[in-house]
1. Among Ser55, Ser131, Ser122, which is the only one that is small (Gly, Ala, Ser), farther than 19 Å from Val179 by Cβ, surrounded by fewer than 22 Cβ atoms within 10 Å (Cβ to Cβ) and touching a helix residue (DSSP H, G or I) at 6+ places or on another chain (Cβ under 8 Å)?
2. Among the residues of segment 198-225, which ones are among the charged types (D, E, K, R) and either buried (at least 18 other Cβ atoms within 10 Å of the Cβ) or touching a helix residue (DSSP H, G or I) at 6+ places or on another chain (Cβ under 8 Å) (or both)?
3. Just the residues that are at pLDDT 85 or above, exposed (fewer than 14 other Cβ atoms within 10 Å of the Cβ) and either of a type in the set (Asp, Glu) or touching a helix residue (DSSP H, G or I) at 6+ places or on another chain (Cβ under 7 Å) (or both), please, taken from segment 152-184.
4. Please enumerate the residues belonging to segment 103-125 that are charged (D, E, K, R) and in contact (Cβ under 8 Å) with a residue 60 or more places away in the chain.
5. Only one residue in Glu178, Glu152, Glu163 is free of Cβ contacts under 8 Å to residues at least 24 places away in the same chain and part of a loop (DSSP other than H, G, I, E, B). Which one?
6. So is Ala26 outside any loop (DSSP other than H, G, I, E, B), at pLDDT below 95 and more than 14 Å from the chain's Cα centre (by Cα) or not?
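The values are calculated or read from the model by the stated rules, or taken from the named source; none is laboratory data. Bear in mind that the values here come from a model prediction, so they are computed numbers and not experimental data. As a convention, Cβ positions derive from the backbone with ideal geometry for all residues, glycine included, and neighbour counts pool all protein chains shown.
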Amino acid sequence: MIKIIKLDSINSTNTFAATEGQTQIARLQHGDRPELQFAVIADEQTEGRGRYGKSFYSPKGKGVYLSYVCEGNYALSELQQVTVVAAAIVHKVLQQHCSEALAIKWINDIYRGERKVAGILSERVDDPSGSGRYCIVIGVGVNVIPSEVPEELRQTVGWLQDEGCDEGKAAVRAGEIEVIASELVAELDATFGEGRADDFPALIDYYRSNCYNLPLDFTDKLFNE
């Protein structure tokens, strides 16, 4: 079973996971057997990160904030597909927990209507010693329970669950966060854990079918850059 590190609060699960991943890779040089398949799950992120330096608002107990880590064994062309494949996995899992149809926005966001409910950040973390080994960190942030957000985000942030649910459902909501996190880790590990790309073609087709703004040069972006 994959190791899961649970944290109450952290600046960023991806930052924490990247540091831990580098530590584990370095152990390879000493003949150790590092744990290069693990996940980090936090109740809160104080500096959640997105692509291009953007932030991901991550209030305590209101969403899923996790990072999945595995050793990198992919060809360059396959590495380019990781974010798209991860987005397809996240969409499939979240759709089971939402009363409305979700859509993927190129390249790494999940939308409910016109509001963003989830984002994916995949990163390559190299062995600092220059051995050529690396690990992949796939961060997933999901807005699950409706909550107050900063003024600048009120027109863009959405939630997986409906607004206006009574407080009596608080325990159910909290439990669902744990369920969603567990399902995401399991599905990410099923696809990426062995370092193979066997599942990539089917998940890329799924992505195509569920992305509402697929670029015309999608094939070039994914396979030829």
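1. Ser131
2. Once the filter is applied, which keeps residues that are among the charged types (D, E, K, R) and either buried (at least 18 other Cβ atoms within 10 Å of the Cβ) or touching a helix residue (DSSP H, G or I) at 6+ places or on another chain (Cβ under 8 Å) (or both), segment 198-225 yields Asp199, Arg208.
3. Glu178
4. Residues satisfying the conditions are Lys105, Glu123.
5. Being free of Cβ contacts under 8 Å to residues at least 24 places away in the same chain and part of a loop (DSSP other than H, G, I, E, B) holds for just one of Glu178, Glu152, Glu163, which is Glu163.
6. Yes; evaluated as a whole, the condition is true for this residue.
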